[in-house]
Amino acid sequence: MYWTPPIADNRGSKRPAQLLVRYGIEGYKLVPRTRGFAAVSDESRPTSAPRALAIQPMSLLVLGINHRTAPVELREKVVFTEAGLPDALRELKNVPSVDEAVIVSTCNRTELYCHAEEGAALSEWLTRWFQLEQHGGREAVEQSLYRLSDTGAVNHLFAVASGLDSMILGEPQILGQLKDAYRAAQDLGATGPHLNKLFQAAFSVAKRIRSGTNIGSNSVSVAAAAVNLARTVFEPLSERTALLVGAGETIALAAKHLVGHGVKRIIVANRSLANAQALAQEFAGYAVTLDALEVHLPEADIVISSTASPTPIISYAAVKTALRERKRRPMFMVDIAVPRDIDPKVADLEDIYFFTIDDLQTVVNENLETRKQAARDADQLIAQEVELYQVQRKALDAVPAIRQIREQADQVRAQTVDQAQRMLAAGKDSKEVIEFLASTLTNRLTHTPTHRLRVAAENGDAELIRAAAELFELKRDQE
């Protein structure tokens, strides 16, 4: 019988070859596989001989760059497009030291999640893929990369999925982006048991944190705060018209929140009609220039303004006239601009709900403090979940050894049963055959372990003897 004890990895104090000798596996050599090593006999074996376990010092690894470590001009050098992602995943998965891979790429982060050998050349692969040597920026990108392994990698993914590592604390979009990235890798066969378990655990943790804390309950962006205030006046928003003045990032975010809360009619007013049209088209809105602003002002239930104008572009008189045409139906107005876009005297008019950037910032700051407290609660929950996950992961590491032990036992059983059946066919007494079956199975299944224990005793290897006693739940001899 050809049998080798399970050798999990070579991260201990002894080198792989020494481990082989220590456990009495003379005549074997370490042969490189696609990933890791296998112990293989120098001599040819029968084809039915069990395989030796691969020696795979694998770890969970994260290589990444994000908004905390690099400005946008560096992050944009390492962004994976949706069209190019499948090829990138295939190539990354084929790196010899990488066993499983997921690529996450958003506007704020690019991260490689891998089950791979420690020290895997992920940064070299990233450099080759984006041709950073030819296009410049390799050194700057290298200095902005963070590298995490095992517990650090698990903790990081759990925090990212929960929105704790986002530019806007607690934002929920990243969870959907992680799910998309994981699904893409899974569809290509780039994931396996380790990353499957890791990402499923991350999604579960994120759900617990979002439902069990206030991490996402309050707005922490000015645009979102403005829309939430509008909802307190006009809920539901489905029958309301919104006039957005400007076409920058804040106005675009406000449009997104308005549409998300049911607003169906949006007018975008901007100095550049082309920019207004581009934003309006995205949200099925209507674009006008600032010259037409006063004409459309009476239509607006909600006005949110954020331009770079040095002087107000919505006058007191224009708002007063609009209210008259609206027959005193109220208007909700928010001035996010600095300098101000709306004449501050508008606040004196009746039927106007008027807020400035300072009003909104107060709301945002209060909400942010609430989220920070929720983040502290979430950190504690994540620490508990990471500890639980690591315990479960250790059990996963034993699966290959368990599988091969069962395979070897099945081979012995099949061989012995076959011999017993031939004995019956030859007319042997059934009692004799049963005795042969029982004793032969016992001898064949215990031969190699008992031989190894005798060798260990001769060599004074008390550690292996203690391990065997624990593994087989042996009782110590009574003295």
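Okay, residues lined up against (1) surrounded by 12 or more Cβ atoms within 10 Å (Cβ to Cβ); (2) of a type in the set (Ser, Thr, Tyr):
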site	(1), (2)
ASP429	no, no
SER439	no, yes
THR442	no, yes
ALA456	yes, no
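The test for being buried (at least 18 other Cβ atoms within 10 Å of the Cβ), modelled with pLDDT under 95 and part of a loop (DSSP other than H, G, I, E, B) does not hold for ALA308.
On the basis of being within 48 Å of the chain's Cα centre (by Cα) and of a type in the set (D, E, K, R), does ARG422 make the cut? No.
With respect to the conditions (1) farther than 30 Å from ALA374 by Cα; (2) surrounded by fewer than 17 Cβ atoms within 10 Å (Cβ to Cβ); (3) at pLDDT 90 or above; (4) of a type outside the set (Lys, Arg), ALA185 falls short on a single one, namely (2).
From the list GLN411, GLN421, GLN404, the lone residue that is polar (S, T, N, Q), surrounded by 12 or more Cβ atoms within 10 Å (Cβ to Cβ) and closer than 30 Å to ALA116 by Cα is GLN404. If you go through the stretch 327-340 and keep only what is under 50 Å from the mean Cα position of the chain (by Cα) and closer than 17 Å to GLU299 by Cα, you end up with ARG329, PRO330, MET331, PHE332, MET333, VAL334. Do we have ASN367 as over 30 Å from ARG340 (Cα atoms) and not small (Gly, Ala, Ser) here? Spelling it out, it is not the case that ASN367 is over 30 Å from ARG340 (Cα atoms) and not small (Gly, Ala, Ser). Number of residues in the stretch 139-194 that are over 23 Å from LEU92 (Cα atoms) and in a loop (DSSP other than H, G, I, E, B): the value is 11. Each residue in the stretch 112-138 was checked for being modelled with pLDDT under 90 and part of a helix (DSSP H, G or I), and 4 of them qualify. Within the stretch 457-473, the set of residues being farther than 17 Å from ILE405 by Cβ and in contact (Cβ under 8 Å) with a residue 40 or more places away in the chain comprises just one member, ASP461.
The values are calculated or read from the model by the stated rules, or taken from the named source; none is laboratory data. Note that the structure is a prediction, hence the values are computed from the model and not measured. We place every Cβ from the backbone using ideal geometry, glycine too, and count neighbours over all the protein chains shown.
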